[in-house]
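Just so you know, all these numbers are worked out from the coordinates, no wet-lab data involved. Keep in mind it's a predicted model, so treat the numbers as computed, not measured. Ideal geometry is used to build each Cβ from the backbone, glycine not excepted, and the neighbour counts take in all protein chains shown.
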Amino acid sequence: MFNPEDCSLKAALNFDKKDELAKFQEKFHFPKTQNAQKPLYFCGHSLGLMPKQTAAAIEEINEAWKTFAVDGHFHSAWPWVSSHESLSASLSRLVVAKESEVVAMNTLTVNLHLLLVSFYKPKKNKFKILIENNTFPSDKYAVDSHARLHGFEPKECVVELKPREGEMIVREEDIFSQIEDLGDSLALVMLGNCNYLSGQKFNMKAITEHAHRFEAMVGFNLAHGAGNIDLKLHEWKVDFATWCTYKYINSGPGGMAGIFIHEKHHLDKSLNRFEGWWGHNKKERFKMAPVFDPIPTAEAWQLYQVLRKKEIISLATWNFYLRQN
Ligand SMILES: *Cc1c(COP(=O)(O)O)cnc(C)c1O
């Protein structure tokens, strides 16, 4: 129950005292303020604080580049050729999925597009996309552009959930009835798992089950969920998801994103996919064959060697903290 007294400064300081993770404050740089006091930082949903470990991690990568040049792909302390693989264990813990179902790649909006290529497969009578009201703009632009790509008018294709008059959040029963109303015309449900404006947390398991009854695909944008709330993507049978790491996960500005693709889709040849050499069978990759032979995991969606350096480092730092705990 909401208790207004919990909002007092005194209550906040008390919560802080009891917080098991409070000791982690020490591990981050806080921005400098004019009066030199340590500020209260409430922007973790836009960009997390910089871990103190980051500078040393960057230095380590630079040293390896300097020392090994191209051989750094294979011989540095953290061989770059497989560096995304070293992130899969912590990504899979974060969203509770199998390691084969997650991969670190690109940025969130790029991933949304790549996933829509695979999971939005409209047909003449099954083409509607259900999204939140007040989506983050990028999400709306992405689904609208995919509707157009397939020859549909976004207005007739993209349906927004709406709260009732005078209410801030969408009632759960209204989400279910909206899915039922769309019925067989529904091709895809794509929601955040926390709406970025209202903070509404959606019941992902129930929504997924409900939409699957109508054979719609279900994907989630976890920008405000990954690193923030408990997730069980595999068990809930979510079809796909993607998230950024620079909000609740403290990677750097422009930091690398992650994707989840449920294993039931890994070998499905009927899915469209934009393909590149980094998704090709690893044993044969450097034979440079002309025909794509996909890795039988979410890695088949990966297009390039993960790493712009800055991104590895941010995630490495984060991975390091998770491993410590
Ligand atoms: C932050 C955020 C984005 C931004 O995506 P980028 O590609 O990382 O810029 C998209 N959608 C939601 C819901 C977000 O919160």
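Translational diffusion coefficient of region 75-124 at 20 °C, 1.002 mPa s, Stokes-Einstein with Kirkwood Rh over Cα pairs, in µm²/s as a whole number.
Working: Rh = 12.9 Å.
Once the numbers are plugged in, D ends up at 167 µm²/s.
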For region 165-274, the Debye formula with one identical point scatterer on each Cα and no solvent gives log10 I(q)/I(0) at q = 0.15, 0.21 Å⁻¹ as -0.71, -1.21
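Please report the projected area of the chain's Cα convex hull averaged over all directions, in nm².
Working: hull surface 80.3 nm².
Averaged projected hull area, Cα only: 20.1 nm².
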Output ordering of 31-43, 261-273, 102-114 (per-residue mean of other Cβ within 10 Å, highest first) is 102-114, 261-273, 31-43
Compactness summary of region 109-207: radius of gyration and Dmax from Cα atoms, Å, are 13.1, 37
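Quantify how much of the Cα-Cα distance distribution of region 2-65 extends past 14 Å, in percent.
Values: 1473 of 2016 pairs.
Beyond 14 Å sits 73 percent of the P(r) for region 2-65.
Quick check: net charge around S92, other residues with Cβ under 13 Å of its Cβ, Lys/Arg +1 and Asp/Glu -1?
-3
Between R93 and E60, what's the calculated FRET efficiency when r is the beta-carbon distance and R0 is 25 Å? Round to 0.05. Display every interim value, and only then the final one.
On the way: r = 23 Å, r/R0 = 0.94.
Efficiency at R0 = 25 Å is approximately 0.60.
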In whole µm²/s, the translational diffusion coefficient that Stokes-Einstein assigns to region 1-132, given a Kirkwood hydrodynamic radius over C-alpha pairs, 37 °C and 0.692 mPa s, equals 163
Straight-line reach check, K38, cutoff 22 Å on alpha carbons, 8 or more apart in-chain or any other chain, hits among lysines -> K10, K17, K18, K23, K27, K52, K247
Each label sits 7 Å from Cα toward the beta-carbon; between N125 and S82 the label points are separated, in nm, by 5.1
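Cut-off is 10 Å between beta-carbons; in what order do D181, D230, D293, D144 appear when sorted fewest neighbours first? Mind showing how you got there, number by number?
On the way: D181 11, D230 7, D293 14, D144 18.
So the residues, fewest neighbours to most, are D230, D181, D293, D144.
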Using alpha carbon centers only, region 17-73 is separated from region 171-250 by a whole-angstrom value of 31
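If you take every DSSP beta bridge whose two residues both sit in the chain, what share of them, in percent to the nearest 5, is antiparallel?
Values: 12 of 26 bridges.
In the chain, DSSP labels about 45 percent of beta bridges as antiparallel.
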